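Quick note: the coordinates plus some simple rules give every number you see, no bench work behind them. Everything quoted here is computed from the prediction, not taken from an experiment. Cβ coordinates were reconstructed from backbone atoms using ideal geometry, including for glycine residues, and neighbour counts include every protein chain displayed.
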Amino acid sequence: MTTFEVSAASARSSAVMRGLAKYSDVHARATRRCSTRFTNKVRLQRDTHVNEVSQQVAVLPRRNVLRFMAAGSVVQASQTLDAKASPSLPAWRQGSEWMWNGMKVRWSVLGEDKPGTPLLLVHGFGASLEHWRYNAPVLAENRPVYSIDLLGFGFSDKPTTPNGFKCWGGHVWARQLLAFIDEVVKEPVVLVGNSLGGYSSLMASVAGETSKESVKGLVLVNSAGPLVEGDKQDDPFWSLADDLDALDKIDSDAGFSPGEFLKKFTAYVGFIVLRSKTRVLQILSQVYTDSKENINDDLSDLILGPAWTANSFEVFYQTTVGGNGKPGISVNKLMETLRTNGTPTALLWGVNDPWITDSKAQQMLGLNPEADYIPLVAGHCPHDEKPADFNAGLNEWLTAKGL
């Protein structure tokens, strides 16, 4: 490389660094200005009681699921959290605090005294335990219902790199879920996960002997995760043993890559755009495909509030474009292992999801034909878009499986 080329490269690098510094400073000032506004304003106009939708909504035919109708009432939680959530919220939405690996995790429980098998509800990317606002109170009429903020989301801690790990990924959240079941719930659960929470729950459900003692059933709600289209050899983790060591082996630091500064700068600009109410409502309108009724201030606030907490951008970056190139265990491997283990499984799927389409559900069913398929006329978040249908379908499946 010539002296001129070195000088030019240095100048470009310096310019990018100055741009990053400028935008980081803008971000810090914006966060200071807005954090107080959001923590005071967020969710203040919510109902303290939520009556479950009692309108009958059609459900696609399925071998075990009929049309149904469900209604419910809110059960107040017995746990509280010294939290950043508004004190006007029902206690269960404020949550409690659990320390895991030196990191704070928000969680909640309803129906602790009920006899049924406990549920653990796991939210998707960018959401929190409050996204189960229309589900947890209804489901808790028959059983304990736990919900949790995955590390890096909601009002759980947002470290640049989670303590005890080299990188972010499903393996982090899978270990978090298993530790939570062991330390807090203290009995086996049925995991119910949406999107990213579905992939994390799927990983937790096949993590060797630990998962067999902790997970009695699994419900995947428009679950994320990589599907291998070609040969099994295309999955770098296909030969791994189905135990916790597998989670350790995918925890690798990809290190610094060329263009990292520019990639991060670009991601930051995108994050600022996404962190606006207008853009959030636009996205929600795209993925709540059949009913817009529940796209309201409560929903946008529960998404935006955590996005203004400290280090939220860094986690966003590390779990999106910053994490590209860090492979994960394929859904193919996980579903086939689940079939071998015999864990009762259901795919409760919004068939009109534009992001994770019904075709993925069909591929997953092909990998595990023993799984039940419960289609709902909804988009990416059927539990919040069509809560009455979702709650009834889930309760019916749990009853049928004796859970």
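Miscellaneous remarks
- Take 328-335, 186-193 and order them by the average number of nearby Cβ atoms within 10 Å per residue, most first; the result is 328-335, 186-193.
- Value of Rg to Rh for region 284-365, rounded to two decimals, is 1.05; Kirkwood radius and Rg both from alpha-carbon coordinates.
- The distance from the alpha carbon centre of region 165-216 to that of region 371-403 is 20 Å, rounded to a whole number.
- 10 Å beta-carbon shell around Val190, net charge (K/R +1, D/E -1): +3
- Translational diffusion coefficient of region 87-184 (Stokes-Einstein, Kirkwood radius from Cα pairs, 4 °C, 1.567 mPa s): 94 µm²/s.
- In this structure, the residue pairs whose Cα-Cα separation is over 20 Å, taken from Lys114/Lys216; Lys186/Lys212; Lys166/Lys216; Lys333/Lys360; Lys158/Lys292, are Lys166/Lys216; Lys158/Lys292.
- Sites Val228 and Asp113, calculated FRET efficiency, Cβ-Cβ separation with R0 41 Å, nearest 0.05: 0.40
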